Each structure stands twice: as C-alpha cells, then as structure tokens.
C-alpha cells in the first residue's frame, strides 16, 4: 500500500489520505470543490463546483501515475438531486470512458458544498 499526496489537490481535512495505491488500483478520497492554491471553496453553482472537483480528482490520479480514463468506478454525492442534469453535463466532459457510477443525494456535505466525488482507477 502506498499513500498518494500532491499539493495540486486539496490537503486532507481530516485523518485520511488524499489517495491510496493498493494492488494496482488507486482509491481517491472524496473530493470537494476546494481550490488547492487557496484552500477556499471554488464556485457557488453545481457546474463551477463540479469542475473544481473533477480537476482535483485529475490532479490526484496524475500524482498516482494514472488518469481519468482509467477510472473504473465513481461515487458521486449531490446536496440536491435537482442538480443532477447540470452535474452530469460537467461530469461527462471529464469521465469520457463512462465508468461504473453511483450517484446519491445526501443531507449535507463537508463545508456545505454541492458535490463530492470519489474514484477507483487502474494504474
């Protein structure tokens, strides 16, 4: 098992790693719309926040030695399922390989963001 850490994605805000490599797979922690350069939430709309989340995931996967095209599974959390269509429009730009996915609405996300995504990818 190897811990993945990069300044190009937000630092963990709790007792966890940004990502872990194990048995040829990369497991990312859930990413929210934190700009790694400022530590602030980037965006107020689902589209803006989804863009930042996808960029954070892209940076983590690159630090691990893989990329978004190797993602086999995502888990997506939305604060409001009414944002589903707008979220999908951004998601589709990044996850062009159409990985398996779960997408659920949750009551509250960290820092009251609108979206969080975690991934499992091949190396």
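The values are calculated or read from the model by the stated rules, or taken from the named source; none is laboratory data. Remember, it's a predicted structure, so these values are computed and weren't measured experimentally. Quick reminder, even Gly has a Cβ in these numbers, built from the backbone with ideal geometry, and neighbours come from all protein chains shown.
If the requirement is being modelled with pLDDT of 95 or more and in contact with a helix residue (DSSP H, G or I) (Cβ under 6 Å, 6 or more places away or on another chain), which of these qualifies: 79, 105, 64?
Exactly one residue qualifies, and that residue is 105.
If the Cβ limit is 7 Å and pairs must be 6+ apart or interchain, which residue in region 94-123 that is on the phi > 0 side of the Ramachandran plot pairs with which residue that is modelled with pLDDT of 95 or more and not in a loop (DSSP other than H, G, I, E, B)?
111/41
Checking residue 12 against (1) over 17 Å from residue 102 (Cβ atoms); (2) in a strand (DSSP E or B), only one condition comes out false. Which one?
(2)
When only residues in region 15-51 that are without any contact (Cβ under 8 Å) to a residue 40 or more places away in the chain and in a helix (DSSP H, G or I) count, which is surrounded by the fewest Cβ atoms within 10 Å (Cβ to Cβ)?
48
Out of 61, 68, I need the residue that is in contact with a strand residue (DSSP E or B) (Cβ under 9 Å, 6 or more places away or on another chain) and either surrounded by fewer than 21 Cβ atoms within 10 Å (Cβ to Cβ) or free of Cβ contacts under 8 Å to residues at least 24 places away in the same chain (or both). Which one? Lay out the reasoning, then the answer.
Working: 61 fails: either surrounded by fewer than 21 Cβ atoms within 10 Å (Cβ to Cβ) or free of Cβ contacts under 8 Å to residues at least 24 places away in the same chain (or both).
Checking each option against the conditions leaves just 68.
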